[in-house]
Every structure is written in structure tokens, then in C-alpha cells.
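Worksheet: one structure, shown below.
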């Protein structure tokens, strides 16, 4: 496995791979790799000749008071996980390498970033869109792998690639869960044993919403929202943020349910803020 730290190294490595006739895959991450990342990398390695992983804690997507300085970082462990999962290249730049000067140009996201995480974290998705644009510009034509666990991000990246005519095909990777349903996340490291026992409430809330739609044929969105929120509130260590029913493509909150929808929840458990989502309704895959 090759470790690159300079942007031009990544560009040259992937250009050379394409000259060999390789298909190129790219999986952007912020490190703190876990089993979910490993599954995404393994999928990429199985589907692409050259599998590249990026590890960069992007300061542009953290707001005031968020956990940029304390975000988990362990490059040695990340490299081991990436190699084990099948990565051929890891790009792990410094902040100075990615942003040698204060960026004066950024990518702004409208509408898709207005609700859900965007409402709670103003500017977050502009930071995500800016760094993803930089990474895809460096990578060149590729398959870009993103996890469904961060569903709003996935929707935004798809639109980013479309609107800016970037030479990438976005590949969605299914959410990987613990046996009790908790979605794997780097921020799970913040959970105490007691909070960890409470954390599956997010998945339980999503399952309750899905049952209401798929088994009881609920066609009004508000009762589904109320049912999901009630499940979150039953766990006293969970502070619910939102429980939403949205259009899977536009993320617009729905009044009536017809066809496939995306259920999304967010909650705080101590210092950890967790998010999760699930598809429900006709047409789900």
C-alpha cells in the first residue's frame, strides 16, 4: 500500500493507474476508521482496480464549539485497517497541504443543506462540498464511494457531482451496524458504557417508523414522526434532536407518504451527537 501526503502525489498516482487501464475508486474519510469504513473499502477494492482512501479531518466542516480539536485521530491504526480492507493507496495530507492559504473560494450548497444537519450545523455542508470538490478534482475520473449512514451528505455529493459536471460516479455503501442495530460511527468512541447501551434507541426509532409505513400502511407523515420521537424519548439518556420523514431525493419533509421515503433521526448522548437513517415505503431496495 502506498501512503501519499501531497496532493500532486495522489493526482499522479491515479493518473498513472488510469494509464495502465485501471478503474479507480476513491473513498473520502476523516479517519478514525471502523468496520463501516472497512466494508466500504472492501466493496471499492472488489469493484475497482485501484482503491484509494483519503484521510483528512477537514476543518471547513466544523463549526464553533464542535469537536475538530478532539475528533479521533490515529493514523497508524487507520493505515492498518485500510490496508487490511484492500486499499492500494492512502492519501493522508496535512492541513497545510490541503489549504496552503486561507481558501477564498468555496462551494455553497442551497436547499439540500437547509434542513436536518444543515439547520443544526450552519456551513457544515459548504465545508463538506468544498473538500469533496477538491478531492475529486485531484482524483480525476473515478468511482467515489460514500456511506449511506451520512445520508444527507450522500444526497448532496450526488448533486454536487451532477451540478459541477465532475468526472465521478457516486457509489452508495450500505450502513454497517452493530448486532444491536447501532450504526458504526467514529463518534461512537465518545460513548460511555452506559450511553452505549442507550444508543440503539436511534435504530429502534427508525424501525418503529418503518413498521408504521410498511406494515400498518400509515400514509400521514406526522404520526410516523411522533412514533419515532416517542421511541427516542423512552430512553432517558437520549436527547432527541429530530425525527423526520423526507423525500429520498430532495430531503423535503413530507406531509403524505406515497412510495419510497427516507426516515432520519438525530440525538445527543452525552458529548456524542449521533445520526441514523433508514429507507421505508414502496420502491426500497
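The values are calculated or read from the model by the stated rules, or taken from the named source; none is laboratory data. Small disclaimer: the values here were computed from a predicted structure and weren't measured. We place every Cβ from the backbone using ideal geometry, glycine too, and count neighbours over all the protein chains shown.
Quick notes on this one:
- Among the residues listed as 158, 197, the single one being at pLDDT 95 or above and assigned by TED's automatic domain parsing to the domain that holds residue 249: 197
- Only residues that are farther than 23 Å from residue 249 by Cα and in contact (Cβ under 8 Å) with a residue 40 or more places away in the chain were counted across segment 137-181, and they come to 4.
- Test: residue 241 is crowded, with 22+ Cβ neighbours inside 10 Å, in contact with a helix residue (DSSP H, G or I) (Cβ under 9 Å, 6 or more places away or on another chain) and in a strand (DSSP E or B): no
- Looking only at segment 155-183, and only at residues there that are crowded, with 18+ Cβ neighbours inside 10 Å and in a loop (DSSP other than H, G, I, E, B), the one that is nearest to the chain's Cα centre (by Cα): 175
- Residues in segment 90-120 that are in contact (Cβ under 8 Å) with a residue 60 or more places away in the chain, assigned to a loop (DSSP other than H, G, I, E, B) and within 21 Å of residue 268 (Cβ to Cβ): 2 in all.
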